[in-house]
Amino acid sequence: MELKAYMKERCTLVDDALDRFLPRETELPHSVHKAMRYSVFAGGKRVRPILLLAACQAVGGDIGRAIPAACAMEMIHTYSLIHDDLPAMDDDDFRRGNPTSHKVFGEAIAILAGDALLTEAFKLVSDPRFSAGSDPSALLAVIHEIATCAGSYGMVGGQVIDMESEGSKDIDLATVQYIHTHKTGALIKAAVVAGAILGGASVEQLAAVTRYGEAVGLAFQIADDILDIEGTTEEIGKDAGSDQARGKATYPAVMGLSASREEAGAMRDEALSALEAFSADADPLREIARYIVQRRN
Ligand code: GRG
């Protein structure tokens, strides 16, 4: 399969749905709706929604039913980026080459846009208009998985330890692993687990997809660490080397660049081996695992 064309086609599918699901700028309150749309449509790669749909497809499910959950993952991801950029956190002026939300709308609206995106995401997944005919217990399991992975046992927890570790001289591998698997990995894992549940996965399929998600989630963040060092400013959309300048806890900082590359490759292989029993329906998941460690942005 040709991954570039596949990603482009899935990206359009997700973008069209996000446009339908997100509140219009013409609806009150205009400022927050404008801010929500500004960040959602700022050029993200849509990795999490695409993974969710690919996991649904891998277990033989109908991706049409998984579109709202896919969009919800992107809304949660966007909320996390808006809040991560705030002065109280990373204090970034630019993301993906554009001014950050608080620079355009002010800090209060940026915080509220993030809050609203997080909340709207759960409204969307639980919306009875899109879940008619779905198994209610599967839907509950999806909501529980996403909430667990987004909260303090997941992404928020990773962000807290990341912030608290910044500038510390004696970060060990276990701490970096915790940060990466929670801050970035948890939402990626939640995306594939949610997709598999919505696709009607068996117990064995769900276990395999979970293994895939954990490996790919960690690989994604190690690749991000490596890109921060090796990528050009244009490719990564932030100042190259900014992790090091900030004293961030990263894989290269703890184990060096070449061991980090090996680890990212090992995680990709672990993800691929988790899918061994799957048919060609899982080829998009396989290709995405390869892409995640090779990506340039
Ligand atoms: C504020 C609760 C809270 C959490 C923030 C995810 C996160 C936690 C912060 C983002 C900081 C960051 C840049 C992490 C590196 C990995 C990462 C998540 C990169 C951005 O994800 P991509 O590459 O972004 O999927 P696009 O721009 O394609 O949407």
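The values are calculated or read from the model by the stated rules, or taken from the named source; none is laboratory data. This one's a predicted model, so the numbers in the text were calculated from it and none came from an experiment. When we count neighbours, we look across all protein chains shown, and the Cβ atoms used for this are built from the backbone with ideal geometry, even at glycine.
Quick notes
- Residue check, Val40 among the aliphatic types (A, V, I, L, M), closer than 19 Å to Gly199 by Cα and within 16 Å of the ligand (Cβ to nearest atom): no
To keep it simple, each residue is scored yes or no on (1) among the aliphatic types (A, V, I, L, M); (2) without any contact (Cβ under 8 Å) to a residue 60 or more places away in the chain; (3) in a loop (DSSP other than H, G, I, E, B); (4) buried (at least 19 other Cβ atoms within 10 Å of the Cβ).
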site: Ala116; (1), (2), (3), (4): yes, no, no, yes
site: Ala121; (1), (2), (3), (4): yes, yes, no, yes
site: Ile143; (1), (2), (3), (4): yes, yes, no, no
site: Cys149; (1), (2), (3), (4): no, yes, no, yes
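Every residue, every condition in (1) in contact with a Ser or Thr (Cβ under 8 Å, 6 or more places away or on another chain); (2) among the aromatic types (Phe, Trp, Tyr); (3) within 18 Å of Ile82 (Cα to Cα); (4) at pLDDT 95 or above, yes or no:
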site: Glu120; (1), (2), (3), (4): no, no, yes, yes
site: His144; (1), (2), (3), (4): no, no, no, yes
site: Gly154; (1), (2), (3), (4): yes, no, yes, yes
site: Gly157; (1), (2), (3), (4): no, no, yes, yes
site: Ala174; (1), (2), (3), (4): no, no, no, yes
site: Lys189; (1), (2), (3), (4): yes, no, no, yes
site: Val192; (1), (2), (3), (4): yes, no, no, yes
site: Gly195; (1), (2), (3), (4): no, no, no, yes
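- Any helices (runs of 4 or more DSSP H) falling wholly within the range 151-254 and containing at least 2 residues that are surrounded by fewer than 17 Cβ atoms within 10 Å (Cβ to Cβ) and among the small types (Gly, Ala, Ser): 242-246
- Extreme residue, surrounded by the fewest Cβ atoms within 10 Å (Cβ to Cβ), among residues of the range 50-80 that are more than 18 Å from Pro284 (Cα to Cα) and polar (S, T, N, Q): Ser80
- Residue pairs whose Cβ atoms lie under 7 Å apart, separated by 6 or more positions or on different chains, with the first residue in the range 161-189 and at negative phi and the second more than 9 Å from the ligand (Cβ to nearest atom) and of a type in the set (Phe, Trp, Tyr), are Ile161/Tyr178; Val176/Tyr251.
- The range 90-106: number of residues that are in a loop (DSSP other than H, G, I, E, B), over 15 Å from Ser242 (Cβ atoms) and either β-branched (Val, Ile, Thr) or near the ligand (Cβ under 8 Å from one of its atoms) (or both): 0
- For the range 63-89, the set of residues classified as within 13 Å of the ligand (Cβ to nearest atom) and touching a residue at least 60 places away in the same chain (Cβ under 8 Å) consists of Met73, Glu74, Ile76, His77, Ser80, Asp84, Met89, listed by residue number.
- Scanning the range 273-286 for residues that are of a type outside the set (Phe, Trp, Tyr) and either crowded, with 18+ Cβ neighbours inside 10 Å or not in a helix (DSSP H, G or I) (or both) gives Ala274, Leu275, Glu276, Ala277, Ser279, Ala282, Pro284, Leu285, Arg286.
- Matching residues, the range 277-297, being within 16 Å of Ala196 (Cα to Cα) and away from the ligand (no atom under 16 Å from the Cβ): Ala277, Phe278, Ser279, Ala280, Asp281, Ala282, Asp283, Pro284, Leu285, Arg286
- Comparison of Lys34, Lys4 shows that the only residue that is more than 12 Å from the ligand (Cβ to nearest atom) and closer than 13 Å to Ser101 by Cβ is Lys34.
- The conditions of being touching a Lys or Arg at 6+ places or on another chain (Cβ under 8 Å), of a type in the set (Gly, Ala, Ser) and either closer than 22 Å to Val203 by Cβ or more than 13 Å from the ligand (Cβ to nearest atom) (or both) are not met by Ser168.
- Residue that is surrounded by the most Cβ atoms within 10 Å (Cβ to Cβ) [pool: residues in the range 19-43 that are farther than 20 Å from Ala70 by Cα and β-branched (Val, Ile, Thr)]: Val32
- Residue that is surrounded by the fewest Cβ atoms within 10 Å (Cβ to Cβ) [pool: residues in the range 123-141 that are out of contact with any Pro (no Cβ under 9 Å at 6 or more places or on another chain), outside any loop (DSSP other than H, G, I, E, B) and among the hydrophobic types (A, V, I, L, M, F, W, C)]: Leu140
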